[in-house]
Amino acid sequence: MRNALSLLALFAAVAVISSGCAGTEDKMGRGIRNVTEPVRMGDMRNSVEQTTVWHGPMDGLTVGVVRGFDHTLERTGLGAVEIITAPFPPYHPIFTQYIPAEPTFPDGNVMGTPNDPTFQTDTYVGFSSGTELAFVPGSRFDVFGH
């Protein structure tokens, strides 16, 4: 019973510290995104790609991999710091002169949302944001005017 009360008190303290504060949510989300960088490997792929483009394939496979591994470790460590310090200010991204606040992706990889009803909610209405009557030559009618 005592363990259940202490666990309940811990959850209550966490809820009080983090409730109603958008900065805490942003900082925690950014921290989780950064800690999962070794799984995503975006900095590694970006570093290898950019080093290969600017210095050649041999440097891309050596220097690019080492540089990408270094960036991955930096982002993972920063993410751990942001998770631990999420309830406390400052809530804006820190160390942005060394590590970009947003994760990097290779230029050859265009990111988007999956084609799934969870993300493409317009399909329940009967149409999605695309060109209507695309089979008619010269048709430029766009549902949402993009």
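Please treat every number below as a calculation from the coordinates, not as lab data. Note that the structure is a prediction, hence the values are computed from the model and not measured. Here the Cβ positions follow ideal geometry from the backbone for every residue, glycine too, while neighbour counts run over all protein chains shown.
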*How big is the shadow of the Cα convex hull of the range 13-109, averaged over all directions, in nm²?*
6.6 nm²
_Could you sort the peptides 63-71, 84-92 by per-residue average Cβ neighbour count (10 Å cutoff), highest mean leading?_
63-71, 84-92
_the range 22-105 - percent relative contact order, Cα under 8 Å, separation 6 or more_ = 44 percent
*15 Å beta-carbon shell around residue 107, net charge (K/R +1, D/E -1)*: -2
